[in-house]
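Below: the structure, in structure tokens.
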Amino acid sequence: MSHRIAVLPGDGIGPEVMKESLKVLDAVAAKVGIEFEYAEGAIGGIAIDQYGTPLPESTVKLCSSSEAVLLGSIGGPKWDNLPPEKRPELGGLLALRKSLNLFANLRPVKVYDAVKGLCPLAADRLSGGLDILTVRELSGGIYFGTPKKVDDTTGMDTMIYSAGEVERIARIGFEAAKSRRKKVTSVDKANVLHTSILWRNTVERVAKDYPEIELNHMYVDNAAMQLILDPSQFDIILTGNLFGDILSDESAALAGSLGMLPSASLGTEINLFEPSGGSAPDIAGKGIANPIAQILSAGMMLEYSLANIDAAKRIYSAVDKVIASGLRTADIASGGETVSTSEMGDAIAAVV
Ligand code: NAD
């Protein structure tokens, strides 16, 4: 079986780490008897340089005619002075997310035993391990609600959620919990916000369809504290756009390096997979970036878009093995010996 994948390497370290994820995907494909057909497109700064726009029409077409989109990263100092809508971030990535109707953002954060010294928390706080998946609503809430207004005296944003929007993200959370530790913590501010009362009631209703999943509710201020005090209690954090933006970055900080953190954005048809970090201009072109975030993003693509759990698990456990074996790129090395981006990719591809 052949899968058509849109590959958008983008800027900075994007092309370097993308190369390694395709290497690993090809190694997995050979093991499980599937094939990938990669079609490359331009996005971000490189697309501005080549086509005069951060999101060429040809890239949108390519993505919408593929099974999934694997993205590297976009942006960099060269394009920082452009007006916001012409910049790689707003005109490129956000525009692509919108055109694909992506409404759910999944960000797993795991602290690997062998590198738990990178976590800023004291070791005793990690005794129960740390493996959290934040499931964040991405297309609604206060970032998109209208009316919005700012003048010299007043600033206004509007927070709106419909029950339908909450239900579809809740289902993603409960479905994801099935293959994990079967616990969903729904985070809201239902003691103050009406949107949160709707959120909580809707999540309760959806939970009835998933009797095997344990559900608890937590106010967002408490969740922010609990992530620091006792992060092991969380399996899935299910939350809205604003709270998810903040909590997913807070939990990402616990992993110690952005180079290890993948993400998935799920839509109504075609999903997008990319590292949580950016284009890392400070290390781009040096061959030292950590490719694991990009490789794990490819794993999430296998899991969430191609429904090939066996192939996805091969990637996840290959990363586990290589980290446990002591191989380190500079960002996770804590002073010891380091390997290059491609050496890390080779090592993971060898054990999938
Ligand atoms: P960044 O995530 O690019 O870098 C922050 C720090 O993390 C840097 O020190 C970087 O070297 C390190 N880092 C990130 N990924 C790494 C990896 N794989 N291996 C090793 N180290 C890694 O954030 P920034 O510096 O604030 O932004 C740089 C550019 O990226 C900006 O133009 C920004 O707009 C853009 N950006 C893009 C995305 C995206 O493509 N989704 C996300 C965030 C930022």
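The values are calculated or read from the model by the stated rules, or taken from the named source; none is laboratory data. Predicted model only: the values in this text are computed from it and were never measured. Here the Cβ positions follow ideal geometry from the backbone for every residue, glycine too, while neighbour counts run over all protein chains shown. Remember, those area values only see protein heavy atoms, side chains included, never the ligands or the DNA or RNA. Shrake-Rupley method; radii C 1.70, N 1.55, O 1.52, S 1.80 Å.
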Looking at LEU62, LEU55, LEU102, LEU96, can you tell me which residue is touching a Leu at 6+ places or on another chain (Cβ under 7 Å), part of a helix (DSSP H, G or I) and over 30 Å from ALA333 (Cα atoms)? LEU96
Among the residues of region 117-146, how many are open to solvent by 30 Å² or more (accessible area, probe 1.4 Å) and without any contact (Cβ under 8 Å) to a residue 60 or more places away in the chain? 4
Only one of (1) modelled with pLDDT of 95 or more; (2) closer than 24 Å to ALA114 by Cα fails for ASN271. Which number is that? (2)
Which ones in region 261-301 are hydrophobic (A, V, I, L, M, F, W, C), open to solvent by 10 Å² or more (accessible area, probe 1.4 Å) and farther than 13 Å from GLY14 by Cβ? LEU266, ILE270, ILE288, LEU296
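Tally up the residues in region 155-166 that are in a loop (DSSP other than H, G, I, E, B) and open to solvent by less than 60 Å² (accessible area, probe 1.4 Å), please.
Here is the first cut: in region 155-166, the ones in a loop (DSSP other than H, G, I, E, B) are 157-162.
Retained after the next criterion (residues that are open to solvent by less than 60 Å² (accessible area, probe 1.4 Å)): 158-159, 161-162.
Counting residues in region 155-166 that are in a loop (DSSP other than H, G, I, E, B) and open to solvent by less than 60 Å² (accessible area, probe 1.4 Å) gives 4.
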Please note which strands (runs of 3 or more DSSP E) are completely contained in region 221-288 and include at least 2 residues that are of a type in the set (Ser, Thr, Tyr) and touching a residue at least 12 places away in the same chain (Cβ under 8 Å). 262-266
Could you list, in sequence order, all residues of region 55-81 that are out of contact with any strand residue (DSSP E or B) (no Cβ under 7 Å at 6 or more places or on another chain) and within 11 Å of the ligand (Cβ to nearest atom)? GLY75, GLY76, PRO77, LYS78, TRP79, ASP80
Condition first: among the hydrophobic types (A, V, I, L, M, F, W, C), assigned to a helix (DSSP H, G or I) and either open to solvent by 10 Å² or more (accessible area, probe 1.4 Å) or free of Cβ contacts under 8 Å to residues at least 40 places away in the same chain (or both). Now tell me which residues in region 1-28 satisfy that. LEU22, ALA27
Checking the condition open to solvent by less than 10 Å² (accessible area, probe 1.4 Å) and in the same structural domain as PRO9 (by TED's automatic domain parsing), which residue from LEU55, LEU62, LEU70 passes? LEU70
